[in-house]
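Participant: Quick one: the structure is below, questions incoming.
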Amino acid sequence: MKKILILLMCLIQFSTLAQTDDTTEQNAVEDEDSQSIPTLPPIRVEGERIERKPRHILNGAFIRSATGSAGDPLRVLNHLPSIGVLNDFVSVLSVRGGGPEDNLYYFDRLPLGYPYHLQGIVSIFNPEVIESIEVYPGGYGAEFGADAQAVIDIHSRTKTDTGFGGTVNLNFVYHQAFLEGNVGERGYWYAFWRGSNMGPLFELLPRLLEVESDLVTEVPSFWSYQGKGVYQLNNTHTLVVNTIAADDAGKLNFTADEVSESDLRGPLSSDNPFDSQGIHLYSEKQDTLKSIVSLTRSFSRKVLKYGDGYFYRSARSIYALRGDLEYWIKHPDTLLASGFAVSSLPTSLISVGARPFEEGDPDYDVRLKQDGEKIFTNKSENLHRLEGYLQATQDLPSPRYADFYATIGMRANYFNLIDNFSLQPRGLLGVTLGPDDANTNQLSFFPIDLRLMSGSYVQNPQFYQVVLGKENPEIAPSLARHYVVALEKVLESKPKETEANAQTNKKRFPTRTTIEIAGYYKDLRDMITYNKSERRYRNQRIGHVKGIEVSLDHEIGKAFRGWLSYAYTISKRQDSPKDDERFYMYNTPHVATIGMNYQAESWECSANWQYKSGVLYSPLVDREPYTNPFNKNETWLPIYGEMAREAAYHRLDLRFHKSFKSVFNLDNWKWGFTLELWNVYNHTNILQVRYNENYTKEVRIAQLPLIPFIAVTAEF
C-alpha cells in the first residue's frame, strides 16, 4: 500500500503537468502571431514573502572575484557561516557540524559523483559559467530528497551577451578553455574543458613543506568537461540538454611515516571517473506554474589499490526520472508544490580485504580480515528507489504590521536495498514584523523576518554497508531531525539625485546591508558505522549538533562589498553505547571571517581573513608491545589520551586583478592578470599530527605557507 501511495503521487504530478501544459501550449500558439518569442532566460516566478527559503545564495560575480579561492566556486562557500573546508589541501565541506557524506550536490539538476578533483585541489566546475549557487544548510523543505542533510544546488547561465566568445586560462595547477554562444534569440550553448598541470607543483612542494620526496610516485592528474545546450521552444517551454564528467588518478607510496602497519605500506593508486548527462523540459507560465521534468543518467566508479594486495572497487549507475511542479492556486498567497523521482541504480562492489575510510577511526584501519585472512566480497545488484513529495506554502491571516506565512510538506521514500519506506515531515513558520519601509530612503529597524523550521531527514545505507563483511540486510536508515530559528533584516538606501549633487558632480550610491542570525540543533540517530568485533556495519552511532551563526553583508552600489560572519558550533558523536561521547572530527567550534571586495573599471582588489579553531588530534600518552598472533611479528600499539586541539588557524589572503582591452594587436580579445597571495603573513597552521614508527613522538605537519597564485586569462 505504501508503494502504491508513492506511485499515485507520481501520477498526480504527471496529470497536473500534462493538463497545464496543454492549456499553456494553446495560449502560446494563439499569442505567437501577435508577439515575438522572448529571449532567454524564461520568466521566473517570484513572490514577496512566500518564496522565502532557508538558503544562502551566491551570485556568479561574487564567486569569480572571491579571494583565496583561485576562482574556485566551491572554496568560496567557505565564506559562509557554519560552512568550512577541512584544510588548505582538502576542500570537502562540513556544513553545520556535519560531514562530507551529509552533503548532496546538484549541477543544473545533474547529480554529481564528486564535486572536487583530488579531494579538494580544485572543483570540477567552471566559475565563468556559474550564475548562482544556492546552499541549503539545514531545515529545508520537502523539495529535496533523501540521503542528505545539506544541499548545494549549482546553476549555470542560460544566455550570453555576445554571439560567440570564450576564455582561456593558465596557472600552475590547471589549464582550461571555455566556449559559449547564442543560437539566434532562442538558443544558447557552452562547452568547457579543464586539465591538470600538477608536475611543477609537486616539484615545488617538498621545498615549501615537510613532504617526503618519495611520497608521490606518480603525479596526480585530473580532467573534467561540461557542456550545455538551451533552446526555447515557445513562450512556455524550454528544452535543456547538459553533461558533466571528471576523472582523477594518482599513485602514492606509503612508508612508515604515513602508516604504522607494515601490510598497509607500499603503493596506493586510485582512479575515480564519473559522468552524468540529462535532458530537461522547463515549463513556466507567469503567476500560474513552473515545472521541470528531467531524465538523467550518471555513472561513477571508485578504485583503490594499496598495501599488501588490498583492493576496493565500487561502481554505480543511476537512471532517474524526476519531476517538480510549483502551482500558484492564488498568486501570491497560496503555492502548491509536488514532485517525484523514480531511479534505477545498477550497483557492483569488489573488495579484497578492504573497506572505505570511516570518520572516528584514528588508526585509519580499512582492513577486513577474519582469522588473519582477507575477506573477499563480489556483489552486484540492481537497486530501485521511489520518492515523492507534496508541499504547500500559504500566507496566513495576520494582524497589522505582522505578516505570517507557513510551509508544510511531506516527503516519502522507498529503497528496495533494505525494503524500507519512510515519511519525512518538514515545515516552516515565518512572520514579517513591522511596516514595509522599502520605498523610503530612511533606514529603519522594520521590516524584519523571523522563521522557525523543523524537518526529518533520512539517509539510506550505502551498498557497501549492507554487503561488506557479514551481510546485514536488516540495517536501517540513519535519521536526523533539524530544528532551526532564523532572523533576517535587510537595510536598503536608494538616494535620489539632487540638483546640488549634480552641480558638485557627487554621485551617491545605493547601499544594501543584510543581517542574518540563526540558531540550530540537530538530533542524529541510528548512524551507520563498522562494528569491528562483529565484522559488519550496524546502526550504532548517535550524535547531536548545536550552534549559532551571525553574518553581516554590506554593499555600496556595484563597487564595494564587505562581509563579516561568526559561527559557534558543537558537534559530538557517540560511536556505540559502550563508548564515551567525543567531538566529531569535522567539528570546528569557532569560525570568524572578515572580507571585502572593491571593483573599479579595469581592476579590482579584495581581501579575506579567517580565524578558526585548530584541528583535533589524539595526544600520544604511551605505547605497549604487541605480537601479531598470525605472523608473530612484534610491533608497538599506541596509547592515546583525551582528544585535544592544536593552536588556532588564521590566514589572510589578498587578490589583485587587472583587465586589458587590447594586447598583441588583438582588438577583439580581452586579457586579464590575476595575482593572489595566500597566507600573507606566513602563519604556521597545523594540518595534522602524526606519529613516528615506534610511537615515541608526535610529528606536526603544516598547511600552506605564503603562496603566490598567478593566472593569465584571455577572453574573446
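Participant: For Lys578, list the lysines whose Cα falls under 16 Å from its own Cα; do not include residues on the same chain fewer than 8 positions away.
Facilitator: Lys532
Participant: Could you sort the peptides 448-458, 368-378 by per-residue average Cβ neighbour count (10 Å cutoff), highest mean leading?
Facilitator: Top of the packing list down: 448-458, 368-378.
Participant: Go through 240-246, 638-644, 345-351 and give me the packing order, highest mean Cβ count within 10 Å leading.
Facilitator: 240-246, 345-351, 638-644
Participant: According to the Cα gyration tensor, what semi-axes, each the square root of 5 times an eigenvalue, does the equivalent ellipsoid of segment 492-638 have, listed from largest to smallest in whole Å?
Facilitator: Taking √(5λ) for each eigenvalue gives 55, 20, 12 Å, largest first.
Participant: How large a share of the accessible area of segment 280-421, in percent, is made up of carbon and sulfur atoms when the probe is 1.4 Å and the other protein chains stay in place?
Facilitator: Exposed carbon and sulfur together represent 54 percent of the surface.
Participant: At q = 0.13, 0.15, 0.18, 0.24 Å⁻¹, what is the log10 ratio I(q)/I(0) for segment 84-157, with the Debye formula run over Cα points and no solvent?
Facilitator: Computed log10 I(q)/I(0) values: -0.38, -0.50, -0.74, -1.26.
Participant: Hey, another quick one. Give me the percent of the accessible area of segment 571-712 that comes from carbon and sulfur atoms, probe 1.4 Å, all protein chains in place.
Facilitator: Of the solvent-accessible surface of segment 571-712, carbon and sulfur hold 56 percent.
Participant: State in Å² the accessible area per residue of segment 346-404; use a 1.4 Å probe, count heavy atoms of protein chains only, and round to the nearest integer.
Facilitator: Ligands and nucleic acids excluded, the figure is 53 Å² per residue.
Participant: Moving on. Which entries in Lys546/Lys612; Lys228/Lys658; Lys374/Lys522; Lys251/Lys658; Lys228/Lys290; Lys302/Lys369 show an alpha-carbon gap greater than 27 Å?
Facilitator: Lys228/Lys658; Lys374/Lys522; Lys251/Lys658
Participant: Measuring with a 1.4 Å probe in the full set of protein chains, what accessible area per residue, in whole Å², belongs to segment 620-716?
Facilitator: 62 Å²
Participant: May I ask you to list the lysines whose Cα is less than 16 Å away from that of Lys661, ignoring any residue fewer than eight positions away on the same chain?
Facilitator: The reachable lysines, counting only those whose Cα sits under 16 Å from Lys661, are Lys670.
Participant: Suppose all protein chains stay in the model; what accessible area per residue would a 1.4 Å probe give for segment 107-167, in Å²?
Facilitator: 25 Å²
Participant: Then there's this: Sort 108-116, 175-183, 699-707, 566-574 by the packing proxy (mean of other Cβ within 10 Å over each peptide's residues), most packed first.
Facilitator: By packing density, highest mean first, the sequence is 108-116, 566-574, 175-183, 699-707.
The values are calculated or read from the model by the stated rules, or taken from the named source; none is laboratory data. Every value quoted in this text rests on a predicted model; they were computed, and no experiment measured them. Backbone-built Cβ (ideal geometry, glycine too); neighbour counts: all protein chains shown. Protein only, heavy atoms only, side chains kept; ligands, DNA and RNA dropped before computing areas. Shrake-Rupley method; radii C 1.70, N 1.55, O 1.52, S 1.80 Å.
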